[in-house]
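The structure appears below as structure tokens.
The values are calculated or read from the model by the stated rules, or taken from the named source; none is laboratory data. Remember, predicted model here, so these are calculated numbers, not experimental data. In this analysis, Cβ positions are derived from the backbone assuming ideal geometry, glycine residues included, and neighbour counts consider all displayed protein chains. With ligands, DNA and RNA removed, areas are computed over all heavy atoms of the protein, side chains included. Shrake-Rupley method; radii C 1.70, N 1.55, O 1.52, S 1.80 Å.
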Amino acid sequence: CAHSVLLSPQEMDLYVKHRPTACHCAFGNYAIGQHRLIEMWRRGIAIGLGTDGAAGWGSMDIFQVAHAARIGQQAVMGTPVHYRGIMSAEELLRVATNGGARSLGIEDEIGSIEVGKKADFLLIDRSDMEHTPMYDPMFVLATTTVGRDVRTVVIDGRVVMKDRVFQTVDLDEVKRRLDERFPKIMERFEAASA
């Protein structure tokens, strides 16, 4: 159900009843209206975090999307009642991990570190001054960590990025192909816009 920003109370009830999935792209969604991420999450609606892609508003850094979601939810749900603890770091991280898996219908396979699930995880460099002092690791992950802090990525037990170097993708080739295709894509876009 894409972004699901402008849901009426009756539509929210239909989501609970019929169990569709949704994706909250925080950078763009708040420009549309007051997204009810917390309410959807707490009512059991399968919702995760996402981006609108490289051409959309904001960043493709999912950590920054999580930060924007948390600030947006504070403004939407907390500010009117002067409540600061509207969404804990732990709950936001569950939306980002378990929520995404649930939205894809594969929460039995990914989304948390458990016996029987795929070994998907990130190793974060916490040496940056933004992460100091490390009083609460969950708060730091949900509030100050960004994509550049990710050092190693393991997907299904396979190291795909180590010390910020991709192990399975030739980035130079990807960039070359993008540079080659981009003018053609823009020509088609300009022709369609005329």
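In a DSSP loop and with at most 15 other Cβ atoms within 10 Å, the trypsin sites (Lys or Arg not before Pro) in segment 10-81 are Arg43. Under 18 Å Cα to Cα from Lys184, which lysines show up? Leave out anything in the same chain fewer than 8 places away. Answer for Lys184, where 18 Å is the Cα cut-off: Lys175, listed by chain and number. Helices in the chain that qualify as membrane-span-like (whole DSSP H runs, Cα extent of at least 24 Å along the helix axis, mean Kyte-Doolittle hydropathy of -1.0 or higher) are 171-193.
In this structure the chain gives 64 Å² per residue of accessible area when probed at 1.4 Å with all protein chains present. Electrostatic tally near Val95: other residues with Cβ closer than 15 Å to its Cβ, Lys and Arg +1, Asp and Glu -1, net +2. If you work out mean projected area of the Cα convex hull in nm² from the coordinates, which of (i) 9.6; (ii) 22.9; (iii) 14.4 do you get? Among (i) 9.6; (ii) 22.9; (iii) 14.4, the one derived from this structure is (iii). Tally up the carbon and sulfur contribution to the accessible surface of segment 151-194 as a whole percent, 1.4 Å probe, everything protein left in place. About 55 percent, which is the carbon plus sulfur part of the accessible surface. Taking other residues whose beta carbon is less than 14 angstrom from the beta carbon of Ala119, and scoring Lys, Arg as +1 and Asp, Glu as -1, yields -1. The antiparallel fraction among DSSP beta bridges confined to the chain stands at about 70%. Near Gly44, within a Cβ-to-Cβ distance under 13 Å, what is the net charge of the other residues, with Lys and Arg +1 and Asp and Glu -1? Summing Lys/Arg as +1 and Asp/Glu as -1 gives +3.
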